[in-house]
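See structure below.
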Amino acid sequence: MALDEYRRKRDFSRTPEPEGAAARRNRRRQATTDGPEGYFCVQKHLASHLHYDLRLEHDGVLLSWAVPKGPSLQPADKRMAVRTEDHPCEYGSFEGVIPEGYGAGIVMLWDHGAWKPEVDDVGAALERGDLKFSLDGYKLKGSWALVRTRDRAGTAPRQRGRNWLLIKHADFWSGPIDITAVAPLSVKSEGDFDDILAADMPELWITGRPATAAGNGRAAALTREVIERAARKILARRG
């Protein structure tokens, strides 16, 4: 995907989000089974719906999947993971608020560390839809797999090939633990969403593209209210 889709969704004349050009020129680190490890992170994102964004650094970008229920340490659980646009490597350390536009919400750095593929060619594994890899984070460790599922009849062309499953392999680090419930806080600030909003100067990203999916129900309305309140508070401080 490179960064074409990422750039298409954002107006860089209006947003301070990283365009990612420097990452493409200067950060060509590529994790291999016998080479250096790459960076990975999981960002807990409270937008119209709560989800977790898994990002794996490869070839100068962060390969990205949105995992609605979050990772599971139980091999029997096959968690849906929707492939999204590649992100610049600068995104990997972000924790803060996106107050409006595409991706509006609160972002927590839920986990990060190093990842390493368990395949010889990451690009070929992505193409065939079966990427095996290991993680060495604070919360997520051991062997994992991302497996692409078959598209349903009538799937729109732009959505084809985007649905995957995130699966934990049985190893020392697997087990019947709900890691998202046991370890819900940030590895960066050690706080929750309220703490991120209450920080003296939370990081702020402003996007110039309207949200493509509207939330519904009371939970989504409350989320928008929290985001808008946070945006007013942060922008007022910045004058």
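The values are calculated or read from the model by the stated rules, or taken from the named source; none is laboratory data. This is a predicted model, so every value here is computed, not measured. Using ideal geometry, Cβ is built from the backbone for each residue, glycine included, and neighbour counts are taken over all protein chains shown.
Assorted remarks:
- Count - residues of the stretch 59-115 that are within 12 Å of the chain's Cα centre (by Cα) and either small (G, A, S) or assigned to a strand (DSSP E or B) (or both): 24
- Taken together, L109, L50 contain a single residue that is surrounded by fewer than 21 Cβ atoms within 10 Å (Cβ to Cβ), within 18 Å of L197 (Cα to Cα) and modelled with pLDDT of 95 or more, which is L109.
- Within the stretch 81-106, considering residues that are modelled with pLDDT of 95 or more and hydrophobic (A, V, I, L, M, F, W, C), the one farthest from P71 (Cα to Cα): V82
- A153 vs. criteria aliphatic (A, V, I, L, M) and part of a loop (DSSP other than H, G, I, E, B): yes
- Test: residue in the stretch 117-132 that is in contact with a Gly (Cβ under 9 Å, 6 or more places away or on another chain), under 18 Å from H51 (Cβ atoms) and either in a strand (DSSP E or B) or of a type in the set (V, I, T) (or both): no
- Flag if R128 is surrounded by fewer than 16 Cβ atoms within 10 Å (Cβ to Cβ) and under 25 Å from S72 (Cα atoms): yes
Residues checked against (1) at pLDDT below 95; (2) over 24 Å from G60 (Cα atoms); (3) among the small types (G, A, S):
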residue	(1), (2), (3)
V122	no, no, no
G129	no, no, yes
S134	no, no, yes
L146	no, no, no
D151	yes, yes, no
